[in-house]
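Worksheet: the structure to be examined is printed underneath.
The values are calculated or read from the model by the stated rules, or taken from the named source; none is laboratory data. Model, not experiment: these values are computed from the prediction. Here the Cβ is made from the backbone with ideal geometry for all residues, glycine too, and neighbour counts use every protein chain on show. Areas reflect the complete protein model, heavy atoms only, side chains present, ligands, DNA and RNA absent. Shrake-Rupley method; radii C 1.70, N 1.55, O 1.52, S 1.80 Å.
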Amino acid sequence: MENKEEIEKQILEIVREQFKKDGGANGVNFGAFDHILNLSLEERNAFLERMVKERKIAVFNSLNMRRITLPK
């Protein structure tokens, strides 16, 4: 796995692009980062949850699934 800072930068880039498109209303699903992280489901979720705790991203529940956006 690449260094954590570079991976976080790539994840934030994806989230920012989606945020620009929809103003943060829809967010990105958790699977959008699998090609970057290449981790097991538990490790991926732990990595993303750590980013949430550091307030780099925010997770919300949409009608069908949990999604990721930028914090307000």
For this session: Name the lysines eligible as straight-distance cross-link partners of Lys9: C-alpha to C-alpha under 17 Å, and not fewer than 8 places from it in the same chain.
Result: Lys20, Lys53, Lys56
Exercise. Of (1) 14.0; (2) 12.2; (3) 12.9, which one was derived for Kirkwood radius over Cα pairs in Å from the structure shown?
Worked result: (2)
Problem set entry | Residue-normalised accessible area of the chain, expressed per residue, 1.4 Å probe, Å² | 67
Exercise. If contacts are Cα pairs under 8 angstrom and at least 6 residues apart, what is the relative contact order of the chain in percent?
Worked result: 36
For this session: Could you look at the chain and say what percent of its accessible area is carbon and sulfur, using a 1.4 Å probe and all protein chains?
Result: 49
Exercise. If you place +1 on the Cβ of every Lys and Arg, -1 on the Cβ of every Asp and Glu, and leave all else neutral, what size is the dipole of the chain about its Cα centre, to the nearest 20 Debye?
Worked result: 400
Exercise. Using modelled backbone amide H atoms (1.01 Å from N, in-plane), which distant-in-sequence or interchain residues come within less than 5 Å of Ile57's amide H?
Worked result: Val52
